[in-house]
Amino acid sequence: MSKKVADQIVEMLVSNNVKRIYAVTGDSLNELNDAVRRSGKIDWIHVRHEEVGAYAAAAEAELDGLACCAGSSGPGHVHLINGLYDANRSGVPMIAIASTINTPEFGVDYFQSTNTYKLFDDCSVYNEIATTPNQVPRMLQAAMQNAIHKKGVAVFGLPGDVSSMPAVESTTAMYNYHSQTVIRPSNEDLQTLADLVNKHPKISIFCGIGAGEAHEDIVKLASLLKAPIGYSFRGKMSMQYNNPYEVGMTGLLGVPSAYHAMHESDVVILLGTDFPYEHFMPVDNKIVQVDEKPERLGRRAKLEMGLAGKIGDTVAALLPLIKNKEDDSFLKAQLEFYEKVKENLNVYVKDAGSHDHISPEYVASTINKMAHNDTIFTVDTGMCCVWGARYIEGTGKRKMLGSFNHGSMANAMPMAIGAQLAYPDRQVIAFCGDGGLSMLLGDLATIKQYNLPIKLIVFNNRLLGMVQLEMQVEGLPNNETDMVNPDFAMVAQAMGFKGITVTDPAKLENALEEAFIHDGPVLVSVFTNPQALAMPPKMEFDQMKGYALSISKMILGGRMDEVLEMVKTNYKHMKEVL
């Protein structure tokens with residue numbers, strides 16, 4: 001039997017170290033599925049929803065390089081979209097195979113047809129459809145090169161009839177070239193930067209995920225400049241550990257210390273971050289930004305200098321030009337403030353909560369203490385992000401994945417699937433919101449089908465917590481944020497794996513220990529305090545006014561008990577930020 005196009009695609013994926021395809025099979029994907037079966041060198045992961053497949057592939061791509069998901073004609077394409085948006089905005093290399101209707105049916109509004117060019121154009125770095133066997137190898141090669149080198153999603157459109165045609169070998173290169181490049185600013189620009197930071201006494205450094213490669217050199221730079229180091233959520237795991245100069249995160253999920261350090265500085269150095277929250281950026285300081293992608297420079301803040309370069313290359317070249325500062329008073333003041341912030345955060349850990357109202361801070365802190373040194377954490381968007389950001393500590397080996405740029409609900413469980421398949425011997429813990437998990441609950445069956453030992457911790461607060469906070473700071477009373485949840489532990493058991501419910505804070509540690517030592521998947525549903533709020537590190541007057549107004553409206557609406565519980569729960573934190 002001659003080689004089919006589908007066989008050729010599988011061979012190319014295997015040769016580029018793609019280990020699995022996440023997809024729901026059927027229709028135009030059937031030939032590719034069969035080629036995977038016959039190959040035996042790549043796995044087909046049968047997810048229950050294509051969005052889950054896209055998220056799982058995105059997690060694998062972030063941890064392990066190029067990954068692949070697929071969706072078949074029409075609805076399969078549309079189901080992929082949310083996960084593809086997330087992957088593309090996160091800058092992870094991913095192939096999305098969009099199999100579609102047979103070529104003779106193009107342009108006649110055929111059953112399940114979609115315009116893949118229009119559909120995927122906004123969430124990809126490459127988006128083409130092969131309509132002949134001759135195009136397939138060159139297009140797929142181009143797709144993989146774009147995904148890897150542009151760091152994003154490459155969509156490869158594949159009509160069902162083309163996948164079954166005889167393959168045509170390409171005369172062009174079928175290898176992805178990974179030459180090592182050095183990218184840094186010119187010597188003149190580096191000297192100008194050195195002169196700037198050498199003459200100013202108060203310097204702070206803020207790092208994103210792009211700075212992770214240069215951890216040791218950035219710590220050396222901070223030592224010379226006597227500079228505190230803050231970081232974004234995506235930068236936390238790579239910058240927090242072995243770092244005597246760290247002052248935590250800023251942004252919506254951060255703590256006041258990093259915000260304070262940046263605003264008190266003469267010069268702020270942004271390294272490898274596309275931090276989106278411009279309102280947390282200082283406006284009266286001199287800001288220097290270094291990023292590998294020059295198109296990002298200056299789009300979040302007014303810059304004194306904008307420099308293009310890899311952070312590792314740039315900082316290594318900058319270090320010899322930096323003078324060792326004698327005065328460390330600014331650094332000491334920021335570190336002392338950070339210690340007070342951490343003491344305040346521990347107040348919530350010490351107060352474990354009560355029946356059905358377990359403190360989510362206590363839950364996250366307990367997990368942090370019990371988790372492995374190299375655990376991979378996934379966090380749902382919303383309050384789970386806050387607890388992960390504030391209480392899960394970096395070790396240099398731990399990873400934390402989330403929908404940090406796209407901000408989508410329901411990502412934690414699907415990302416855990418991809419992470420666990422990529423690293424079957426590492427502990428994977430998912431911080432799941434009850435709202436997020438409810439969205440894609442069906443793929444608990446995928447976890448069972450492949451017997452993935454994921455530990456799903458459901459922060460079951462019975463409402464959309466982050467939405468409630470958003471409404472309150474806008475002066476709106478809570479409305480339609482409450483949730484009537486199923487018994488998640490029983491749902492897990494119905495799916496065929498272990499489920500545990502925790503309503504008493506005194507039983508949390510034992511439940512987590514039972515879950516973590518269990519050889520297989522476990523879902524732990526923890527009834528957390530629905531009134532636990534997460535204030536940002538800096539509250540503006542309008543936000544405070546809005547919060548007070550929403551409480552007044554709730555009182556007038558007869559919801560006094562709810563207001564008293566909210567104030568009691570959050571008084572210490574309100575005191576800190578106000």
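The numbers here are math on the coordinates, done by the rules we state, and not lab data. None of these values were measured; they are calculated from a predicted model. Positions of Cβ are generated from backbone atoms using ideal geometry, with glycine treated the same way; all protein chains shown enter the neighbour counts.
Remarks
- Using a Förster distance of 30 Å, the FRET efficiency for K3-H178 (Cβ separation, nearest 0.05): 0.65
- When DSSP beta bridges are restricted to pairs lying wholly in the chain, around 5% turn out antiparallel.
- Residue pairs, from the table K350/K397; K397/K448; K369/K399; K41/K448; K19/K236, whose Cα atoms sit over 21 Å apart: K350/K397; K397/K448; K41/K448; K19/K236
- Helix-only mean residue ellipticity at 222 nm for the chain, each DSSP H run of n ≥ 4 adding -39500 (n - 2.57), per residue, nearest 500: -13000 deg cm²/dmol
- Full extension of the segment from K448 to S354, taken as 0.36 nm per residue of separation minus the current Cα-Cα distance, would add 30.6 nm.
- Think of the chain as having a plus end and a minus end, set by charges on the Cβ of Lys, Arg, Asp and Glu; of Q289, A96, H279, Q289 sits farthest toward the positive end of this dipole.
- Extension gain for T131-D487 works out to 123.3 nm (0.36 nm per residue, less the C-alpha to C-alpha distance).
- Segment N324-S113, extension gain: residue separation times 0.36 nm, minus the distance between their alpha carbons: 69.5 nm
- Burial ranking of peptide ranges 336-346, 297-307, 230-240 (average Cβ count within 10 Å, highest at the top): 230-240, 297-307, 336-346
- Taking a sphere under 9 Å around the Cβ of G76 and counting the other residues whose Cβ falls inside, with K and R at +1 and D and E at -1, yields a net charge of -2.
- Separation of the K507 and K369 label points, Cα + 7 Å toward Cβ, nm: 2.0 nm
- Computed over segment 13-67: relative contact order in percent, which uses C-alpha pairs under 8 Å that are six or more apart: 43 percent
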